[in-house]
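What follows is a short report on a single structure.
The values are calculated or read from the model by the stated rules, or taken from the named source; none is laboratory data. None of the values given here were measured: they were computed from a predicted structure. Every residue, glycine as well, gets a Cβ built from its backbone with ideal geometry; the counts of neighbours run over all protein chains shown.
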Amino acid sequence: MRTGEIHRKTKETDITLSLDLDGTGTGTIETGIPFFDHMLTSFARHGRLDLTVQATGDLAVDAHHTIEDIGIVLGTAIAEAVGEGRGITRFADAAVPMDEALARAALDIGGRGYLVFEAPFSPAGPGGIPGDLIEHFFSSLCTRAGITAHITVTGRNDHHMCEAAFKAFARAFRVAVAIDPAVGGDVPSTKGTL
């Protein structure tokens, strides 16, 4: 089974997360940040993975530690679930429109964490989440998961842009981690390892 389960507790956050890459798209998400719950639920649905997140954090300070640490834990669980990457498609891209917004995500599940992120979020950002924190979440996730991601977003409405970005990432992720029968049980790399 391609699953990951992580519990991480610090002085700032306490996070328990589990995922199943071969799930049905169900999510049980409780982070204390309603808009972020909505984004992670959307990620699970459009990525067709099962995701459970139970997180508490120092939200009286702000949302930064909670969102950053969820990115770290989610990325770690993804790396655990992908394992050696045998048989995965590895590369994928997706474009998702949402009203005036358009997000594109191109991914390489190749073991190297790197993020290129371009999105004109306002400083206030969507749903009470500062605009720069959306990029920080994806950076934390990609670094821990070993995913190279290029995410670009255009639009005017922070909510639409953010939701389109999560959906585009999810759609590309779904394809990239899918088992490709043509690959067989090989690792999709000329190096023989990711």
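Filter region 86-135 down to residues that are among the hydroxyl-bearing types (Ser, Thr, Tyr) and surrounded by fewer than 16 Cβ atoms within 10 Å (Cβ to Cβ) and give me whichever is nearest to residue 183 (Cα to Cα). Can you show your working first?
Taking region 86-135 as the starting set, the residues that turn out to be among the hydroxyl-bearing types (Ser, Thr, Tyr) are 89, 114, 122.
If we keep only those that are surrounded by fewer than 16 Cβ atoms within 10 Å (Cβ to Cβ) as well, we get 114, 122.
On the way: 114: 24, 122: 43 Å.
Per the stated criteria, the residue is 114.
Just for region 18-38: of the residues that are outside any loop (DSSP other than H, G, I, E, B) and touching a Gly at 6+ places or on another chain (Cβ under 8 Å), which one is surrounded by the fewest Cβ atoms within 10 Å (Cβ to Cβ)? I'd like the intermediate steps shown before the answer.
If we filter region 18-38 for residues that are outside any loop (DSSP other than H, G, I, E, B), which is where we start, we get 18-20, 27-30, 34-38.
Now restrict to residues that are touching a Gly at 6+ places or on another chain (Cβ under 8 Å): 18-19, 34-36, 38.
Numbers: 18: 17, 19: 24, 34: 11, 35: 18, 36: 26, 38: 17.
Checking each candidate, the answer is 34.
Within region 39-54, how many residues are free of Cβ contacts under 8 Å to residues at least 40 places away in the same chain and either surrounded by fewer than 22 Cβ atoms within 10 Å (Cβ to Cβ) or of a type outside the set (A, V, I, L, M) (or both)?
4
Right, residue 193: surrounded by fewer than 20 Cβ atoms within 10 Å (Cβ to Cβ) and closer than 30 Å to residue 128 by Cβ or not?
Details: surrounded by fewer than 20 Cβ atoms within 10 Å (Cβ to Cβ): yes; closer than 30 Å to residue 128 by Cβ: no.
No, not satisfied.
Out of (1) among the hydrophobic types (A, V, I, L, M, F, W, C); (2) under 14 Å from residue 173 (Cβ atoms); (3) surrounded by fewer than 20 Cβ atoms within 10 Å (Cβ to Cβ), what's the single condition that is false for residue 82?
All conditions pass for residue 82, except number (3).
Checking residue 41 against (1) among the β-branched types (Val, Ile, Thr); (2) modelled with pLDDT of 95 or more; (3) not in a helix (DSSP H, G or I), which single condition isn't satisfied?
(3)
Which of the residues spanning region 1-17 are part of a loop (DSSP other than H, G, I, E, B) and either out of contact with any His (no Cβ under 6 Å at 6 or more places or on another chain) or buried (at least 17 other Cβ atoms within 10 Å of the Cβ) (or both)? Talk me through it step by step, then tell me what you get.
Initial filter on region 1-17 (part of a loop (DSSP other than H, G, I, E, B)): 1-2, 10-12.
Residues satisfying the conditions are 1, 2, 10, 11.
Quick test of your reading of the structure: residue 129 fulfils all but one of (1) β-branched (Val, Ile, Thr); (2) over 19 Å from residue 80 (Cβ atoms); (3) touching a strand residue (DSSP E or B) at 6+ places or on another chain (Cβ under 8 Å). Name the failing condition by number.
Going through (1) β-branched (Val, Ile, Thr); (2) over 19 Å from residue 80 (Cβ atoms); (3) touching a strand residue (DSSP E or B) at 6+ places or on another chain (Cβ under 8 Å) one by one, residue 129 breaks only (3).
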